[in-house]
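Take a look at the structure below.
The values are calculated or read from the model by the stated rules, or taken from the named source; none is laboratory data. Predicted model only: the values in this text are computed from it and were never measured. Here the Cβ is made from the backbone with ideal geometry for all residues, glycine too, and neighbour counts use every protein chain on show. Ligands, DNA and RNA are stripped out before the accessible areas are found, and what is left, the full protein with its side chains, is counted by its heavy atoms. Shrake-Rupley method; radii C 1.70, N 1.55, O 1.52, S 1.80 Å.
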Amino acid sequence: MENLDAARLQMAFTLIFHIVFACIGMVMPFFMVVSHKKWLNTGNPVYLKLTKAWQKGVAIFFVTGAVSGTALSFELGLLWPEFMEHAGPIIGMPFSLEGAAFFVEAIALGFYLYGWNKISPKFHWFTGVVVGIAGVASGILVVSANGWMNAPSGFDYVDGKFLNIDPVKALLNPAWFTQALHMVLAAFTATGFAVAGIHAFQILRNKQKELHQKAFKIAITFGAIAAILQPISGDISAKDVAQRQPVKLAAMEAHYETAKGVPLYIGGIVDQEKKEVKYKIEIPNALSFLAFGDFNAEVKGLNDFPEDEIPNVAIVHYAFQIMVGIGGILMLAGIFFFFSNWKKKHWFDKKLFWKIFAFLAPAGFIALEAGWIVTEVGRQPWIIHKIMRTKDAVTSMPGIVYSFYLYVVLYTILTITVAWLLRRQIKSLNSTPISSL
């Protein structure tokens, strides 16, 4: 395995795991503070038990997110020294601010975890809010740095040199808002449905149904709202990509020929040799409208771009289809939840209701991973779009493949540990009587 392949696989592998830890650590504090607020308002001990259970989950994912995120920071320097040499001075600001947000989150979490019966109840609750806000801010800042890789700005590129650097302009690059909005909604969708699914499964097992129903409603409310809003964010992102990265849009749809009034493909099998998509469903003129707001707009096809600037079309297309397909299912599930809750048709007494949401528990994270594959693979062969190719940024140090194997082992151990801790927390939640609090 050559250095480039090993480096890309290592980054992909670690990001696949880190993004799950980071999203849960970013979103779970909001579930925790809502439950905490309900306890403060009602005095119901069920909410107190749920709050203390969720705070343990927040602590677990804060630690694992910090560990996996720190490893990623080392990887940037280890695997991509040429990238860091030039990009570091430009996008150092979002990473520095992300570090500051992380420290604020850590301090607030310390107050929250150890502040029970020691500080004012209102201030104690507020520290939990700060944990959530700082976590979201941290995520947005990291996504801003990734947005810069897709839409580089804040410098002049002259004769291979990066001049006139403006870190603020780099931070507020043309892609930061659309990517941050899409990512934050995806994080709330994935985490909301995952947490709700876990509690739905416990309800099916007849374990402390009152507690798990309250937990389910809090989590699924966040997840459902985000899932319903996500198509709006997706439309904004699609129009942005159509303007800035038309080759990525063409790869997402496996669209080869430039034309007007281009159809949208649903499904299909990509034949990269023959440059066609078989067995797809076509929606006439839909891609032109989604990309440019005009049913007759021209959309560039892959055949108009140099071969060495086209990403792996099959991977990008399939990942995009998975993301959109699951996103649509979760949106419908969110609408179904709100409709059921509004009509009070006793859906909460039916096993089918809980089975649906238990089955959907991993769906949001599958869509989230697919979305990141679209973003990262769709940008190839560039690490900085139209400025630096990925192959030119990779380290020349031999033996990177062994680093990849080491990271696989370490992240596998980390994942097993987290799974074991969560399983222990769920068992404790189900076995601890409320009267013991």
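A few remarks follow.
- Centre separation in Å (Cα based) which lies between region 358-437 and region 73-147: 18 Å
- Inter-label distance for ALA419 and MET397, nm, one decimal - labels placed 7 Å from Cα along Cα-to-Cβ: 3.1 nm
- Sequence-ordered 3J(HN,Hα) estimates for region 378-391 from the Karplus curve with 6.51, -1.76 and 1.60 and θ = phi - 60° stand at x, 7, 4, x, 9, 8, 10, 3, 6, 10, 9, 7, 4, 5 Hz, glycine and proline given as x.
- Taking the average, over residues, of other Cβ atoms within 10 Å as the packing measure, peptides 11-22, 133-144 rank 133-144, 11-22 from highest down.
- The phi torsions of region 151-158, fed into the Karplus equation with coefficients 6.51, -1.76 and 1.60 and a -60° offset, translate into couplings of 9, x, 7, x, 6, 10, 9, 10 Hz, rounded to whole numbers, with Gly and Pro shown as x.
- Local charge for PHE17 was computed over the other residues whose Cβ lies under 14 Å away, with Lys and Arg +1 and Asp and Glu -1, and equals -2.
- Count, lysine Cα pairs under 22 Å in region 279-375, 8 or more residues apart or across chains: 5
- Within the shell of other residues whose beta carbon sits under 12 angstrom from the beta carbon of PHE357, the net charge comes to +4, with Lys and Arg scored +1 and Asp and Glu -1.
- Taking the inverse of the mean reciprocal distance over all distinct Cα pairs, the Kirkwood hydrodynamic radius of the chain comes to 23.2 Å.
- Inter-label distance for LYS209 and THR258, nm, one decimal - labels placed 7 Å from Cα along Cα-to-Cβ: 6.4 nm
- FRET efficiency estimate (nearest 0.05) - Cβ-Cβ, PHE359 to SER73, R0 30 angstrom: 0.25
- Computed from backbone phi with θ = phi - 60° and the Karplus coefficients 6.51, -1.76 and 1.60, the 3J(HN,Hα) list for region 404-418 is 4, 4, 4, 5, 4, 5, 5, 6, 5, 4, 4, 5, 4, 4, 4 Hz; x is used for glycine and proline.
- Based on alpha carbons, the Rg and Dmax found for region 353-392 are 16.5, 52 Å.
- Å² per residue, accessible surface of region 287-326 at 1.4 Å: 49 Å²
- VAL158-ASP271 pseudo-label distance in nm [points 7 Å out on the Cα-to-Cβ vector]: 5.1 nm
- Amide proton proximity set for MET388, modelled H, under 5 Å, gap of 5+: ILE383
- 18 Å cut-off, amide nitrogen to a point 7 angstrom out along LYS386 Cα→Cβ, residues in region 227-262: 238-251
- Accessible surface of the chain, 1.4 Å probe: 67 percent of it comes from carbon and sulfur atoms.
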